[in-house]
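Q: Input: one structure, supplied below.
The values are calculated or read from the model by the stated rules, or taken from the named source; none is laboratory data. Here the structure is a predicted model, which is why all the values come from computation and not from measurement. With ideal geometry, Cβ positions are generated from the backbone for all residues, glycine too; neighbour counts draw on all protein chains shown.
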Amino acid sequence: MKIFQLIQQKQHRGAETFACQLSKHLIRKGCQVLIISIFEGTSNLNFEGEITCLKASRKARFTDIKAWKKLAELIKIEQPDIIQANAGDTLKYAVLSKLVYRWKVPIVSRNASEVGRYLKSSVHKKLNSFFYRQVAAVYSVSEASQKDLLAHFPFLKNRTQVLPIGIEESNDIKLLDFSDAQASHIVHIGGFSFEKNHEGLIQIFERVKQKASSVKLHLVGDGPLRSKIEKIVQQKKLQQDVHFHGFVNNPLDYIKTADVLVLPSIIEGLPGVILEAMYCETPVVAYNVGGVSEVVNEETGWLIDKNEKEKFATAVLSIIKNTDQAEQRSLRAKKMINENFKNKNIALKFMNAYKDLKNKPQF
């Protein structure tokens, strides 16, 4: 079986990272995979094969005939069985190329978040409805993501299923030197975007600092809102306690070294960083958004209602002060990850979904 994986660009974002991880496992299971980026990017993604770029125009997303044609030519040459669109503009480019150049390969779309949160107007919803009507299937990352999708696009009911993300096993996770060995260390992994709610995280951290002075916050990642958060940290005079690490190649090392991983996001699908923390046996505190509650509960972590900053801070403090309870929940979380969320097994679920799709008549 040959699969095209479409990604937005070479960037260190969840959709692109998982597409590369999934592709590696599909190849190991005998599939042929070609990763195609819509736009040019500079990040060095963890994929051994070549990543072909359509070099699309960011200013002409609805009229980019040149890029649509290039995709159609690749399809004609390579003859893939499935085209998988992985977030961003990938579905738009796949559908428009198919409609203009009349190729027949089925398109599947990966729904990695809560699509309803991004529908800003009735026109926007109608556009998304048009694109979704052209797909053979939608694979949602969580039950919550699927429920949200069907609430807005009920015609997809018989064309969607839940296929989660997973984690990559590693025998090379190192403990880092965070310099202040006596302090407790909180880590957040994620791009500086509005979804990740860094501003709310700083407010939570202030509450933690009021009751535990010897605590540090480590922010791993980069993005458009980083400079804004840096200014907020300076205004609050937290420069000695909040550390910006930027993008790193070894996020698991930071997670493993930390005393707790926090995720106060306002929008999520199924956050891979939570699964990674559980794999590393690092306690997790997260807001109850998207599919977070499908992995975080009172047995495996600390699940907090969205925007409950005081309760979030209290949960962080309880982990710092009650390490035995944190260790017990972390062990149960690790067991859940080992049983249900390893990419090598999830890749098999994707393969079976692809095979089922091939055997069904196209609408």
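Q: Restricting the search to region 58-83, which residues are in a loop (DSSP other than H, G, I, E, B) and either free of Cβ contacts under 8 Å to residues at least 60 places away in the same chain or not assigned by TED's automatic domain parsing to the domain that holds residue 19 (or both)?
A: 58, 59, 60, 61, 62, 63, 64
Q: Additional query: Identify, please: which residue in region 273-295 is among the charged types (D, E, K, R) and part of a helix (DSSP H, G or I) and is, among those, surrounded by the most Cβ atoms within 10 Å (Cβ to Cβ)?
A: Residue satisfying both the conditions and the ranking: 276.
Q: While we're on this one: Go through the residues of region 69-82 one by one and say whether even a single one is farther than 21 Å from residue 165 by Cβ and small (Gly, Ala, Ser).
A: Checked region 69-82: at least one residue is farther than 21 Å from residue 165 by Cβ and small (Gly, Ala, Ser).
Q: Continuing with this model, one more query. Looking for something of a type in the set (S, T, N, Q), assigned by TED's automatic domain parsing to the domain that holds residue 40, in a helix (DSSP H, G or I) and surrounded by 21 or more Cβ atoms within 10 Å (Cβ to Cβ) - is there at least one such residue anywhere in region 84-100?
A: Within region 84-100, one or more residues are of a type in the set (S, T, N, Q), assigned by TED's automatic domain parsing to the domain that holds residue 40, in a helix (DSSP H, G or I) and surrounded by 21 or more Cβ atoms within 10 Å (Cβ to Cβ).
Q: Need pairs with beta-carbon distance below 7 Å; first residue closer than 24 Å to residue 174 by Cβ and within region 233-260, second among the aromatic types (Phe, Trp, Tyr) and modelled with pLDDT under 95; sequence gap 6+ or separate chains.
A: 257/178
Q: From 337, 304, which residue is buried (at least 22 other Cβ atoms within 10 Å of the Cβ), free of Cβ contacts under 8 Å to residues at least 60 places away in the same chain and within 22 Å of residue 113 (Cα to Cα)?
A: None of the other options fit; the residue is 304.
Q: Based on this model, can you work out whether residue 150 counts as in a helix (DSSP H, G or I) and either over 22 Å from the mean Cα position of the chain (by Cα) or assigned by TED's automatic domain parsing to the domain that holds residue 260 (or both)?
A: For residue 150, the condition - in a helix (DSSP H, G or I) and either over 22 Å from the mean Cα position of the chain (by Cα) or assigned by TED's automatic domain parsing to the domain that holds residue 260 (or both) - is not met.
Q: Let me ask something additional. Answer with yes or no whether residue 107 is under 21 Å from the mean Cα position of the chain (by Cα), crowded, with 21+ Cβ neighbours inside 10 Å and under 20 Å from residue 7 (Cα atoms).
A: yes
Q: Let me ask you something else. Kindly provide the set of residues from region 29-55 that are part of a loop (DSSP other than H, G, I, E, B), closer than 24 Å to residue 98 by Cα and of a type in the set (A, V, I, L, M), ordered by number.
A: Passing the criteria: 38, 54.
Here is a yes/no grid of residues against (1) within 24 Å of the chain's Cα centre (by Cα); (2) in contact (Cβ under 8 Å) with a residue 40 or more places away in the chain; (3) assigned to a loop (DSSP other than H, G, I, E, B); (4) over 21 Å from residue 286 (Cβ atoms):
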{"position": "311", "(1), (2), (3), (4)": "no, no, no, no"}
{"position": "320", "(1), (2), (3), (4)": "no, yes, no, no"}
{"position": "325", "(1), (2), (3), (4)": "no, no, no, no"}
{"position": "328", "(1), (2), (3), (4)": "no, no, no, no"}
{"position": "331", "(1), (2), (3), (4)": "yes, yes, no, no"}
{"position": "348", "(1), (2), (3), (4)": "yes, yes, no, yes"}
{"position": "352", "(1), (2), (3), (4)": "yes, no, no, yes"}
{"position": "356", "(1), (2), (3), (4)": "no, no, no, yes"}
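Q: Determine if region 11-28 includes at least one residue that is surrounded by fewer than 22 Cβ atoms within 10 Å (Cβ to Cβ), out of contact with any Phe, Trp or Tyr (no Cβ under 6 Å at 6 or more places or on another chain), part of a strand (DSSP E or B) and not aliphatic (A, V, I, L, M).
A: Checking region 11-28: not a single residue is surrounded by fewer than 22 Cβ atoms within 10 Å (Cβ to Cβ), out of contact with any Phe, Trp or Tyr (no Cβ under 6 Å at 6 or more places or on another chain), part of a strand (DSSP E or B) and not aliphatic (A, V, I, L, M).
Q: Do we find a residue being over 19 Å from residue 278 (Cβ atoms), in contact (Cβ under 8 Å) with a residue 60 or more places away in the chain and in a strand (DSSP E or B) anywhere in region 164-174?
A: no
Q: Among the residues of region 175-214, write down those that are under 22 Å from residue 144 (Cβ atoms) and either outside any loop (DSSP other than H, G, I, E, B) or basic (Lys, Arg) (or both).
A: Matches in region 175-214: 188, 189, 194, 195, 196, 200, 201.
Q: Could you check, for region 119-134, whether at least one of its residues is assigned to a strand (DSSP E or B) and touching a helix residue (DSSP H, G or I) at 6+ places or on another chain (Cβ under 9 Å)?
A: Looking for residues that are assigned to a strand (DSSP E or B) and touching a helix residue (DSSP H, G or I) at 6+ places or on another chain (Cβ under 9 Å), one finds none in region 119-134, hence no.
Q: Additional query: On the given criteria, is residue 299 in the same structural domain as residue 198 (by TED's automatic domain parsing), modelled with pLDDT of 95 or more and part of a helix (DSSP H, G or I)?
A: no
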